[in-house]
Structures are given as C-alpha cells and as structure tokens.
1. Springs between alpha-carbon atoms under 10 Å, Gaussian network over the chain: tell me which of 16, 92, 70 tops the mean-square fluctuations.
2. For a quick check: sort 3, 90 by the number of other beta carbons within 10 angstrom, fewest at the front.
3. Report, in deg cm²/dmol and to the nearest 500, the calculated mean residue ellipticity at 222 nm for the chain, where each DSSP H run with n ≥ 4 adds -39500 (n - 2.57) and the sum is divided by the residue count.
4. By counting other Cβ atoms within 10 Å of each Cβ, how are 28, 133 ranked from fewest to most?
5. Could you tell me the extents of segment 70-148's C-alpha atoms along the three principal axes, largest first, rounded to whole Å?
6. Distance between Cα centroids, segment 126-173 to segment 1-32: provide it in whole Å.
7. Using R₀ = 25 Å, calculate the FRET efficiency as 1/(1 + (r/R₀)^6) where r is the Cβ-Cβ separation of residue 19 and residue 97; round to 0.05.
8. When the chain is fully extended, how far beyond the present Cα-Cα distance does residue 137 get from residue 51, taking 0.36 nm per residue of separation?
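Just so it is clear, none of the values below were taken in a lab; they were calculated from the coordinates. Computed from a predicted structure; not experimentally measured. Here the Cβ positions follow ideal geometry from the backbone for every residue, glycine too, while neighbour counts run over all protein chains shown.
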Ligand code: AMP
C-alpha cells in the first residue's frame, strides 16, 4: 500500500507516521526529515534546503521532487511506503503521479487556529525524532523512547510557523481537492487524541 499523509504543519503527521510504519512495517519517507538530515551533515542539498526552511518557505520543487523520485527507486519501497510531507503543492502531486501510484491519501484535518500554540510548544528528540509538547513534558528534557535530548526545531519559532501556515493554506491545502477528485482522499479528525487518530487511520487502511 502506497500512502500519503496530508495535513498542516503540526497536525500530527510525524507522530502518526511513526506509529503507522511500526504497525505496517513500511518505509517512512519524510521530505522534512531528509532535509534535516542533509542540513545536519552539511551536504549541498542541506545548504540549499536550510535557506528556505529557515524562512518557512518550501524548498524548490526541482530539488524536492528529485529526492523523492530517487528514494522511490530504492528496493525497500516494494512493500509499500508512507509519504509524509510530500507532495506539498499541486505541481509536486502532478510530478508524483508520473512516477508513482498512490493508493490512499489520509488528510489529518485540524483546527488551524490552534496550530501556532501546538507547534511552538513542540519539542522533538534530537536522535529519533519523536515529538512531544511542553504542556505534557512536566519539565522532562530527554526522550522517553531513546533517552536523547529534546530540542526545539529551528523552524518552530512563531514567525516561521506563521509563514509555514500561510504556505500550507495557499499551496498545500488545494491538494485536498486534488486527491478528492482522484477518489483517493480520506479525512480523519486530527484534533482527537493521538491514539484515536491512529485507530481511525488503521480502520481506513484495514
Ligand atoms: P516538515 O518536517 O514536513 O514540517 O518540513 C519542514 C520544512 O522542510 C518545510 O517547512 C519546508 O521548508 C521543507 N519541506 C518539507 N517537505 C517539503 C516539500 N515536499 N516541498 C518543499 N519543501 C518541503
């Protein structure tokens, strides 16, 4: 099964993706994670990506589409895969249609007004990427999964998040209609608890 997880920044795509790939044992392909890996390792792609990510803008399509195209050529995706954070606009979706067959698109729908608080309070594990929120951490600063330090993502500050939300509304949200027309879209209520959202997705995927 080839799946796309769609949703605004902070909707919980990463959290659900981690749980889904655990359950279905398929590769998790997150363009955001790929860019962060490249930034950490100071690769040429990382240098380009950082200049856009820091401003809350999308990394240019020609860079992003090529990365996904190459990733989907690898052998491990034969069992299916979960795309998280790609496509982010109609152009990317049209390009993806040229080299991949998507079975289902899961839109994690959330109240956009609550997202600013949700994202600026987010802390992520510096090693495994697990997500937390300061409201439920009670001062804990390490990951309960792997013990590494929790950090705030560089692009999770208020100004960048506002820009990312604008980019989402203008460029990514139109994908909801794109995949509805293609008969592939299913929507889950992302304002529910993490496990409830997960169970809804599992029910859909069967
Ligand atoms: P994410 O981890 O999915 O929130 O992505 C973090 C940042 O990486 C985004 O704000 C974009 O700047 C960049 N990015 C991730 N995925 C894409 C994509 N499909 N197209 C362009 N830029 C992307």
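1. 70
2. Numbers: 3 23, 90 14.
The fewest-first ordering by Cβ neighbours comes to 90, 3.
3. Numbers: 10 runs with 93 residues, N = 206.
Helix-only estimate at 222 nm: -13000 deg cm²/dmol.
4. Working: 28 17, 133 14.
The fewest-first ordering by Cβ neighbours comes to 133, 28.
5. For segment 70-148, the Cα extents along the three principal axes come out at 47, 33, 17 Å.
6. 15 Å
7. On the way: r = 27 Å, r/R0 = 1.09.
That pair, residue 19 with residue 97, gives E of 0.40.
8. Details: separation 86, 0.36 × 86 = 30.96 nm, distance 3.08 nm.
Computed gain between residue 137 and residue 51 is 27.9 nm.
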